[in-house]
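The values are calculated or read from the model by the stated rules, or taken from the named source; none is laboratory data. Fair warning: this is a prediction, and the values are worked out from it, not measured in the lab. Counting neighbours? That spans all protein chains shown, and the Cβs are built from the backbone with ideal geometry, glycine included. What goes into the accessible areas is simple: the full protein's heavy atoms, side chains included, and nothing from ligands, DNA or RNA. Shrake-Rupley method; radii C 1.70, N 1.55, O 1.52, S 1.80 Å.
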Amino acid sequence: MKRIITIQDISCVGRCSLTVASPIISAAGVEACILPTAVLSTHTAFPKFTFHDLTDEITPISDTFRELSIDFDAIYTGYLGSFRQIELMEKFFEEFKTESNIILVDPAMADNGKLYKGFTEEFAKKMATLASRADIVIPNLTEAAFMLGEEYREEYDEEYVRVTLKKLTDMGAKVAALTGISFESDKIGFYAYDSVTDTYCSYFNERLPVTYHGTGDIFASATLGGLMRGLSLEDSLTLATDFTLESMRYTMNDECRRFYGVNFEEALPFYISRIPKLL
Ligand code: PXL
């Protein structure tokens, strides 16, 4: 059985980061280890929240993993709260990277042209250095623009997407996958570039007339679960697109939906049905 470690915050209420990544990775049939970077009462899109930083725990925890010879089939970072945490992740990658494991960086820090609360353009540049060490980086177009130090564009074409992907892999990541790509008003999906094989792939499904918080975390977690269970990059990203859409559909149809996140739990049976069986 594969084992991955996901390194991001715990938002007690909010359906994001670890409360999304852990159940999705477990649903894929993959052991989900965690390294919490902070504990928040809620995510930062709520009008108020507490934030308890756990940066000082990262080194003792990772040293102990090393002393116990614990290794991981994938290392997956999401929302990180400070420059120092990014530096510690660079160290973690150096210490736990092997010939065969995968590093996935989801630079969760911005959406819809704006950085999340508390982040700056310098922080985005620092995140770009972490992303350059990844096997796979999965930003949305806003995060990509901030990492590349470019203006965010609402209007774009396929050429812009391909050039952006190449710029992301030129920074160092082997694969870049852009989420939330839409060339036709009723379709949305991903566009990815694998610099090792010099190939692009993309997939689009229905675009619902809604947007919700936390879809990026669902997408990255579902992609990694698929990869760990032997799906190809394209099939993993396609499954993540379909699962995110299903999760949004459940949310849209729930009259009692919460404002802060997506009903991904109701779509987990759909996700599991698309994960290859081992036996
Ligand atoms: O979904 C990304 C995310 C993760 N963690 C925290 C956040 C956000 C987005 O706002 O605030 C704490």
Taking a straight Cα-to-Cα line shorter than 24 Å from LYS2, and setting aside same-chain lysines fewer than 8 residues away, one finds LYS91, LYS97, LYS174, LYS277
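Per the Kirkwood treatment, what hydrodynamic radius in Å, one decimal, follows for the chain from the mean inverse distance over all distinct Cα pairs? List each step's numbers first, then the result.
Details: mean 1/r = 0.0535 Å⁻¹.
Hydrodynamic radius (Kirkwood, Cα only) of the chain equals 18.7 Å.
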Per residue, accessible area of the chain with a 1.4 Å probe, heavy atoms of protein chains only, in Å², comes to 45
With the dipole of the chain defined by +1 on each Lys or Arg Cβ and -1 on each Asp or Glu Cβ, the option from PRO47, ILE102, SER62 whose Cα lies farthest towards the positive pole is PRO47
The simple spin-label model distance between THR64 and PHE93, using points 7 Å out along Cα→Cβ, in nm, is 2.6
Per GNM of the chain with C-alpha springs under 10 angstrom, the most fluctuating residue out of PRO36, PRO209, PRO139 is PRO209
Expressed as a percent, the accessible surface of the chain that is carbon or sulfur, using a 1.4 Å probe and the full set of protein chains, is 51
Once phi for every residue in region 144-158 is put through the Karplus expression 6.51 cos²θ - 1.76 cosθ + 1.60 (θ = phi - 60°), the whole-Hz ³J(HN,Hα) values, with Gly and Pro written as x, are 4, 4, 5, 5, 8, x, 10, 5, 6, 10, 7, 9, 7, 10, 4
Taking Lys and Arg as +1 and Asp and Glu as -1, residues besides MET171 with C-beta under 12 Å from its C-beta add up to +4
Taking a crude spin-label model, label points 7 Å out from Cα along the C-beta direction, the PHE83 to PHE46 distance in nm is 3.0
The local net charge around ASP106, scoring Lys/Arg +1 and Asp/Glu -1 for residues other than ASP106 whose Cβ lies under 14 Å from its Cβ, equals -4
In Å³ per residue, the alpha-carbon convex hull of region 131-279 encloses 113
About its Cα centre, the chain carries a charge dipole, from +1 on Lys and Arg Cβ atoms and -1 on Asp and Glu Cβ atoms, whose size in debye to the nearest 20 is 400
